[in-house]
1. Quick one: which residues, 5+ away or cross-chain, put their amide H under 5 Å from the amide H of ALA11? H built at 1.01 Å from N.
2. Give the order of CYS3, CYS40, CYS35 when sorted by the count of other beta carbons within 10 angstrom, beginning with the fewest.
3. Please list the radius of gyration and Dmax for the chain, considering alpha-carbon atoms only, with Å as the unit.
4. Say a site is exposed when it is one of the trypsin sites (Lys or Arg not before Pro), sits in a DSSP loop, and has at most 15 other Cβ atoms within 10 Å; what is then the longest site-free stretch of the chain?
5. Where the only charges are on Cβ atoms (+1 Lys, Arg; -1 Asp, Glu), what is the dipole of the chain about its Cα centre, to the nearest 20 debye?
6. Run the numbers on the chain and let me know its relative contact order in percent, using alpha-carbon pairs under 8 Å that are six or more apart.
Amino acid sequence: MTCLEFAARGATVKQIAASLHITDRAVRLYLSSGCAKLNCATIPQAIAKTVSREMLRP
């Protein structure tokens, strides 16, 4: 499961980091990178875009 999938399910950065055994900073970096790749300004916008493209289930 990716950081964006965890975020879509309502997990916090700390919860995502603990689940994936990575640092909070790494989670923020992955989420930021995902937003940039999707050309989105915010995480909710990135989640909405991936759901609408059927890349992620709600």
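Computed from the coordinates by the stated procedures, all read-outs in this text should not be read as laboratory data. Values in this document were obtained by computation on a predicted structure and should not be read as measured data. Methodologically, a virtual Cβ is constructed for each residue, glycine included, from the backbone with ideal geometry; neighbour enumeration extends over all protein chains shown.
1. Result for ALA11 returns nothing.
2. Ordered by Cβ neighbours within 10 Å, fewest first: CYS40, CYS35, CYS3.
3. 10.6, 29
4. Maximal segment without exposed cleavage sites: 10-52.
5. Once rounded to the nearest 20, the dipole reads 60 debye.
6. 31 percent
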